[in-house]
1. Report the residues of the range 179-208 in range of a label on Glu296: point 7 Å along Cα→C-beta, backbone N strictly under 20 Å from it.
2. With the contact rule set at Cα under 8 Å and sequence spacing of 6 or more, what percent relative contact order holds for the chain?
3. Test of understanding: what is the full-extension gain from Ile486 to Lys546, defined as 0.36 nm times their sequence separation minus their Cα-Cα distance?
4. Is it possible to state the helix-based mean residue ellipticity at 222 nm for the chain, with each DSSP H run of 4+ residues giving -39500 (n - 2.57), the sum divided by total residues, to the nearest 500 deg cm²/dmol? What is it?
5. Mind running the shape call on the range 356-482? Use the C-alpha gyration tensor, a ≥ b ≥ c as the square roots of the eigenvalues: rounded below 1.5 for a/c, prolate if a/b tops b/c, oblate otherwise.
6. Once label points are set 7 Å from the Cα along Cα→Cβ at both Thr24 and His516, what is their separation, rounded to one decimal in nm?
7. What are the ³J(HN,Hα) couplings of the range 459-466, residue after residue, when phi is run through the Karplus curve with 6.51, -1.76, 1.60 and θ = phi - 60°? Round to Hz, x for glycine and proline.
8. What distance in nm separates the two pseudo spin-label positions at Leu527 and Asn162, each 7 Å out from Cα along the beta-carbon direction?
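Read-outs: derived from the displayed coordinates by stated rules, not from any lab. Model, not experiment: these values are computed from the prediction. Every residue, glycine as well, gets a Cβ built from its backbone with ideal geometry; the counts of neighbours run over all protein chains shown.
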Amino acid sequence: MKQLTILLSLILLGLTAYSQTVFTKADTLRGSLNENRDWFDVKHYTLHINPNLEAHSLDNSSVSWDCQVLKPHQKIQIDLQQPLIIESIYFSVVTKMNGYYSNKVISKKINFIREGNIAIANIDTLLKKGDYFSISIGYHGKPREAVRPPWDGGWIWKKDSNGKPWVSVACQGLGASVWYPCKDIQSDEPDDGVRIFLKTFEGLESISNGRSVLEGEGANRMGEWIVNSPINNYNVVPYIGDYIHWSEKYKGLKGDLYINYWALREDSAKARKQFTQVPQMIKAFEYWFGPYPFYEDGFQMVQSPHLGMEHQSAIAYGNKFANGYLGRDLSGSGWGLKWDFIIVHESGHEWFANNITSKDIADMWVHEGFTNYSETLFTEFYYGKEAANEYSVGSRRTIRNDKPIIGHYGVNEEGSGDMYAKAGSMIHNIRHAMNNDSLFRSILIGLNKDFYHQTVTTQQIETYISNKSGIDFSKVFDQYLRTIQIPTLAFSYDEKEKILTYQWKNCVTGFDMPLHFNYQGKHFEFLPLDYQPQKRLIKLELFDIKAFAEEIKKQYYVGIIVE
Ligand SMILES: [Zn+2]
């Protein structure tokens with residue numbers, strides 16, 4: 001009976017939670033850790049990629065996974081999207097020595113069943129917890145071509161203006177399994193990184209993430225790249241084209257940071273000028289967020305045949321070497337034209353997305369909210385706090401409040417696009433509510449230190465911020481991340497008695513965000529003494545209640561009603 005009740009309530013819960021969106025079995029296979037996925041931890045991927053530039057296919061390619069057993073199981077899910085074809089899967093038991101994985105027993109071919117965008121392979125060998133094993137997947141075929149990269153992604157087979165091939169991949173959301181076999185879920189990054197062998201072509205460069213094995217010699221004729229840090233699958237990408245390379249050594253918080261730049265030969269003059277913003281960006285973000293998280297792998301800015309993406313240690317840049325977002329200021333404040341949106345935003349993701357990664361893409365505000373706010377912080381670092389406030393207020397114009405920022409868990413679903421500006425505005429609110437900028441900055445640095453190279457849940461981030469600030473922000477997170485209602489301060493002012501009455505409306509029960517702000521040279525604070533719907537009164541010599549309310553709106557993303 002108890003089981004039946006649990007079952008019934010699970011069904012009911014399922015019905016309410018998913019009544020608006022229909023998810024398929026494929027969504028669940030992709031978005032959750034089922035029994036064929038949760039028993040092992042991926043430690044390292046080795047990719048051998050042979051793109052065929054004429055046929056737009058991948059020929060004779062392979063990917064090896066080195067993994068550790070968490071609990072014994074014999075079936076393994078491999079994500080590889082159609083129409084790519086798996087030729088064979090080999091299995092071997094391996095040992096880890098000096099950071100390398102090597103075969104302990106001869107590989108054997110194992111059986112697998114293809115089922116849509118996954119394959120289930122049968123390992124057929126008894127493994128114990130803690131054992132290491134490796135599977136090597138041979139595959140080929142024509143990977144999905146990108147329709148409108150980076151949003152509607154896949155492989156991009158372009159030509160530069162001289163008719164030379166210019167090839168890359170953008171696959172965030174869609175998933176890296178669109179072009180290589182992997183465990184396609186954000187919660188399992190290869191802890192020891194990735195090694196990429198990318199086919200080389202006469203007169204073209206074959207670039208990927210991290211460091212070239214030939215670093216220091218300029219051109220990379222081998223196409224062999226090493227990433228030492230954990231990395232999101234979707235961040236691993238090739239760039240093939242007629243690239244010019246230059247580099248510099250940046251003196252950063254953790255010592256020498258090797259910065260490599262790659263631009264098409266035809267654009268190299270414009271790129272050399274625009275990319276001078278890269279060290280400026282590193283300087284500002286190391287101030288706000290702490291050391292760049294991937295010193296071992298270096299930093300690269302690579303011109304891409306699409307607008308841009310946060311590809312770890314190989315940021316994709318396609319913003320046409322102009323300031324703003326394709327020459328426009330998304331905030332409308334004017335400050336967005338002072339710097340290159342793609343250099344700032346995509347690199348900001350090195351801290352929030354690449355260093356700190358959400359386990360489930362439903363929590364992607366952790367990537368986009370903080371990175372959206374990194375734009376405000378970059379503006380503040382170079383142009384001051386007033387400019388930063390103006391930028392932040394301006395960026396609110398893209399907020400839609402269409403659906404909650406947090407999506408459904410376990411089905412590979414992102415929430416609302418409000419994960420950018422609205423989550424960024426929520427962070428702006430929290431900062432002002434703390435009323436202590438050095439504490440706020442130490443929390444940003446602390447997040448990057450305490451969750452260094454980790455995957456996280458929204459709950460971990462929310463709890464961390466509340467604990468470190470000493471303010472319980474749980475209702476603020478609930479309000480902004482889980483509802484579409486904007487909390488509204490209702491004011492009324494009694495001219496005769498000089499008494500201001502205020503009350504939170506349109507908010508979750510218990511919402512009581514502290515408000516600190518300056519008005520006409522005076523500091524005001526509305527502190528959480530009790531909960532709505534109680535009204536609070538303060539005695540105040542006020543002349544212009546409307547101007548007073550407007551001032552609050554400049555510092556907080558809230559609604560205001562003057563009654
Ligand atoms: Zn972003």
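1. 187-197, 208
2. Reported as a whole number, the value is 10 percent.
3. Here the segment from Ile486 to Lys546 would lengthen by 19.7 nm.
4. Calculated from helices alone, the mean residue ellipticity at 222 nm is -7500 deg cm²/dmol.
5. Since a/c reaches 1.5 but b/c is at least a/b, the shape of the range 356-482 is classed as oblate.
6. 5.1
7. Once rounded to whole Hz, the list reads 4, 4, 5, 4, 5, 4, 5, 5.
8. 6.7
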